[in-house]
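Novice: Structure below; questions to follow.
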There are 2 protein chains.
Amino acid sequence: MSVSSNHQVVLKSRPVGVPQAHHFEIREADVPDLRDGEFLVRNEFLSVDPAMRGWVNAAANYSQPVQVGEVMRAFAAGRVVTSRHPDYPEGTAVMGLLGWQEFAVSDGSNIRRKIKETDLSLSLSLGVLGLNGITAYFGLTAAGEPQQGETVVVSTAAGAVGSIVGQLARLHGCRTVGITGGETKRRLCLDEFGYDAAIDYREPGLEAALREACPDGVDVYFDNTSGPISDTVLPMINRHARIVICGTASIQNWDPWPQGPRVDRLLLNKSARMMGFLAFDYEHRYEEAIAFLAPLVREGKLHFREEILDGLEAAPGSIADLYESRNLGKRLIRLI
Amino acid sequence: MSVSSNHQVVLKSRPVGVPQAHHFEIREADVPDLRDGEFLVRNEFLSVDPAMRGWVNAAANYSQPVQVGEVMRAFAAGRVVTSRHPDYPEGTAVMGLLGWQEFAVSDGSNIRRKIKETDLSLSLSLGVLGLNGITAYFGLTAAGEPQQGETVVVSTAAGAVGSIVGQLARLHGCRTVGITGGETKRRLCLDEFGYDAAIDYREPGLEAALREACPDGVDVYFDNTSGPISDTVLPMINRHARIVICGTASIQNWDPWPQGPRVDRLLLNKSARMMGFLAFDYEHRYEEAIAFLAPLVREGKLHFREEILDGLEAAPGSIADLYESRNLGKRLIRLI
């Protein structure tokens, strides 16, 4: 395949808080000739992730910020179209940090994995069989360590990660309680993701609803929100509870750093632990998660939702919605 | 030994915050006749611990509060003086929750351990060879998991627990940084407990001093304070840092619950964990800790300080001082 022109979404200005469409611009760029050891990937699906806010903000985070003028950092899935790399022949399906662009030149260093499940849509490798599934799998099992009969509470329970956490926790024999925003998502939690109870945090009485849904207290809290939801859950933890911090979606801005109830005494009173969880720490074990999840997907035992937007021009405005709970399922940009 | 009269320190009124002398009174009580399965302990040393504030306050804690009119809950060490229990013959040295009193009737259920190290003062079984040493040993090794070459920061670094944590961390090959109140204790940290650096948190410039003392960041933070000291340490943690919450001495009152900077994002950015640590969770492994610590004490390789007050009448006023950093070393009441 001969490719001479590429379209890319680049960061135009640095946002404070949630990135909006106007922080990006689409530019046309040449596709350079490949050197030995390189290959060209045609992206088929681009990922839209809450973590992107952290990637473009200036504050120190778990990765270096994207610079203004650079292609927006993003996971993408596609196929190798031309190759001068022996390990990535033409036709290889790959997932990696290929950026918000149509074509990406790679030397393999930004590839996360070769996609083996080519009987399924490549989009799954950005969701349930990608970092969402991997995050849910290790975040729940390795950090949360759920035991049969325990109560697992999940915030952003209908989200791309949370919905998998809830289903995996049920497979572990746990009582699962989902917290989500709005009646549509609450029904989704009950009807599609199999939660034992689901709570709309926008309704009044979150604390009472949680107490009713968790008559035996909370053993594992898988959190993607921080803020008032966590402040309500944490006083209900049981002895030896495990709190997995996977995201902080309810906090729009960390400058100035927000205050909340001190948690150290809660952890001390209950010999509990709170752990920050980053899927990258489990990079050497990704295939273990996918080998567990893929059969469940094929057998229809693991439900998931995708929300697919068409065309590169949908990308710039696609992050802000995630923070307003307007998406239902894993958000993706389809390019071809 | 025939005993007919006992003196006890009982809780007279429930304090809010730090218990003062006037919250207690000393009363004379009869020593009841022993029944089968009971034995009488003559307490030689009574312990004074920061945890006592939690034991007498009304708020839910990790143990039920002492009721007004009850003997003050306390660890004590003594010897069996009369016995109708086959496992505790006369002369047995014991440590347990025997209360702030001269004599305690026990059926064994409140005994924590039989003291084997009778070549050393029984007072040690309330400090370096008691819960202080056990807390330091498991809190550092099991919860903190120090690795050679890492930096370990200890708050209340000159205290009964902290001073042992610092010395054990050095034995693990760590750089040790102590935080303490006042120049006297700071010198003690450097000269007696072997910290690589020691900081007086009462002096201005805590943050700058910490940064200078921890050029490679903080891998383990063993905390007994909560509050502003922790707020200064936590932003300096490294990837995969372990924060061990052993106490919250700087917080005088948890009603209303105090606010502080949210820690979840710090933990997430660094894949770090914060754990509440209660020594009781390791009760089945106490002897392992003491078997490690006792030889170090005998060989003079583990330094400790005791601050011994004489007579039961010293007990009621002995807690408040702990919260004003007026004590140097493990505080004890000597009865005989």
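The values are calculated or read from the model by the stated rules, or taken from the named source; none is laboratory data. Since the structure is predicted, the reported quantities are computational estimates derived from the model, not experimental observations. All Cβ positions, glycine included, derive from the backbone under ideal geometry; neighbour counts span all protein chains shown.
Novice: Kindly provide the set of residues from the range A:248-279 that are more than 7 Å from chain B (Cβ to nearest Cβ) and among the small types (Gly, Ala, Ser), ordered by number.
Specialist: Scanning the range A:248-279 gives A:Ala249, A:Ser250, A:Ala279.
Novice: With the checklist (1) assigned to a helix (DSSP H, G or I); (2) among the aliphatic types (A, V, I, L, M); (3) buried (at least 20 other Cβ atoms within 10 Å of the Cβ) in hand, flag the one item A:Ile333 doesn't pass.
Specialist: The failed condition is (1).
Novice: When only residues in the range B:309-330 that are within 15 Å of the chain's Cα centre (by Cα) and farther than 22 Å from B:Lys12 by Cα count, which is surrounded by the fewest Cβ atoms within 10 Å (Cβ to Cβ)?
Specialist: At the first step, the residues of the range B:309-330 found to be within 15 Å of the chain's Cα centre (by Cα) are B:318-323, B:325, B:327-330.
Going one step further and asking which of them are farther than 22 Å from B:Lys12 by Cα, we end up with B:325, B:327-330.
Values: B:Ser325: 18, B:Asn327: 19, B:Leu328: 15, B:Gly329: 19, B:Lys330: 26.
Among those residues, the one meeting the criterion is B:Leu328.
Novice: Something else about it: Specify the residue that is farthest from the chain's Cα centre (by Cα); the eligible residues are those in the range B:178-199 that are among the charged types (D, E, K, R) and either within 29 Å of A:Gly260 (Cβ to Cβ) or outside any helix (DSSP H, G or I) (or both).
Specialist: That would be B:Asp196.
Novice: In addition: Specify the residue that is surrounded by the fewest Cβ atoms within 10 Å (Cβ to Cβ); the eligible residues are those in the range A:214-241 that are under 18 Å from A:Tyr201 (Cβ atoms) and among the small types (Gly, Ala, Ser).
Specialist: Per the criteria, the residue is A:Gly227.
Novice: Further question: Would you please name the residue that is nearest to A:Leu328 (Cα to Cα), looking only at residues in the range A:153-181 that are touching a strand residue (DSSP E or B) at 6+ places or on another chain (Cβ under 6 Å) and surrounded by fewer than 22 Cβ atoms within 10 Å (Cβ to Cβ)?
Specialist: Within the range A:153-181, the match that is nearest to A:Leu328 (Cα to Cα) is A:Arg170.
Novice: Let me ask another. Testing A:His284 on (1) free of Cβ contacts under 8 Å to residues at least 12 places away in the same chain; (2) within 9 Å of another protein chain (Cβ to nearest Cβ); (3) under 25 Å from the mean Cα position of the chain (by Cα), one condition comes back false. Which one is that?
Specialist: Here A:His284 clears every test but (2).
Novice: Given the options A:Pro215, A:Pro228, name the one that is farther than 20 Å from A:Phe277 by Cβ and touching a Leu at 6+ places or on another chain (Cβ under 9 Å).
Specialist: Working: A:Pro215 fails: touching a Leu at 6+ places or on another chain (Cβ under 9 Å).
Step by step, each of A:Pro215, A:Pro228 is checked, and only A:Pro228 is farther than 20 Å from A:Phe277 by Cβ and touching a Leu at 6+ places or on another chain (Cβ under 9 Å).
Novice: Test each condition in (1) crowded, with 17+ Cβ neighbours inside 10 Å; (2) out of contact with any Asp or Glu (no Cβ under 6 Å at 6 or more places or on another chain); (3) part of a strand (DSSP E or B) for B:Gly78 and report the one that comes out false.
Specialist: With respect to (1) crowded, with 17+ Cβ neighbours inside 10 Å; (2) out of contact with any Asp or Glu (no Cβ under 6 Å at 6 or more places or on another chain); (3) part of a strand (DSSP E or B), B:Gly78 is out only on (2).
Novice: On the given criteria, is A:Ala209 surrounded by 24 or more Cβ atoms within 10 Å (Cβ to Cβ), away from chain B (no Cβ under 14 Å) and of a type outside the set (S, T, N, Q)?
Specialist: Spelling it out, it is not the case that A:Ala209 is surrounded by 24 or more Cβ atoms within 10 Å (Cβ to Cβ), away from chain B (no Cβ under 14 Å) and of a type outside the set (S, T, N, Q).
Novice: Hey, another quick one. Looking at (1) touching a Leu at 6+ places or on another chain (Cβ under 8 Å); (2) part of a helix (DSSP H, G or I), find the lone condition where A:Gly54 falls short.
Specialist: Checking A:Gly54 against (1) touching a Leu at 6+ places or on another chain (Cβ under 8 Å); (2) part of a helix (DSSP H, G or I), the one that fails is (1).
Novice: Which one is nearest to A:Phe75 (Cα to Cα), of the residues in the range A:113-128 that are hydrophobic (A, V, I, L, M, F, W, C) and touching a residue at least 60 places away in the same chain (Cβ under 8 Å)?
Specialist: Applying the filter and picking the extreme gives A:Leu126.
Novice: Give me the pairs: first residue in the range B:12-24 and surrounded by fewer than 18 Cβ atoms within 10 Å (Cβ to Cβ), second residue among the charged types (D, E, K, R), beta-carbon distance under 6 Å, and six or more apart or on different chains, which are they?
Specialist: What qualifies is B:Lys12/B:Glu25.
Novice: Of the residues B:Glu70, B:Glu102, which is touching a Leu at 6+ places or on another chain (Cβ under 7 Å) and surrounded by fewer than 20 Cβ atoms within 10 Å (Cβ to Cβ)?
Specialist: That would be B:Glu70, the only listed residue that is touching a Leu at 6+ places or on another chain (Cβ under 7 Å) and surrounded by fewer than 20 Cβ atoms within 10 Å (Cβ to Cβ).
Novice: For the range B:119-128, give me each residue that is touching a strand residue (DSSP E or B) at 6+ places or on another chain (Cβ under 6 Å) and closer than 11 Å to B:Ala294 by Cα.
Specialist: B:Ser125
Novice: Yes or no: B:Ala93 in contact (Cβ under 8 Å) with a residue 12 or more places away in the chain, within 21 Å of the chain's Cα centre (by Cα) and more than 29 Å from B:Arg305 (Cα to Cα)?
Specialist: no
Novice: Taking B:Ile290, is it of a type in the set (Val, Ile, Thr) and not assigned by TED's automatic domain parsing to the domain that holds B:Gly194?
Specialist: Yes; evaluated as a whole, the condition is true for this residue.
Novice: A further question on this structure: When the residues of the range A:1-24 are filtered to those that are more than 24 Å from A:Asn253 (Cβ to Cβ) and at pLDDT 95 or above, which remaining residue is nearest to the chain's Cα centre (by Cα)?
Specialist: A:Gln8
Novice: Do we have A:Ala272 as over 19 Å from B:Gly260 (Cβ atoms) and small (Gly, Ala, Ser) here? Show your work before the answer.
Specialist: Numbers: over 19 Å from B:Gly260 (Cβ atoms): no; small (Gly, Ala, Ser): yes.
The answer is no for A:Ala272.
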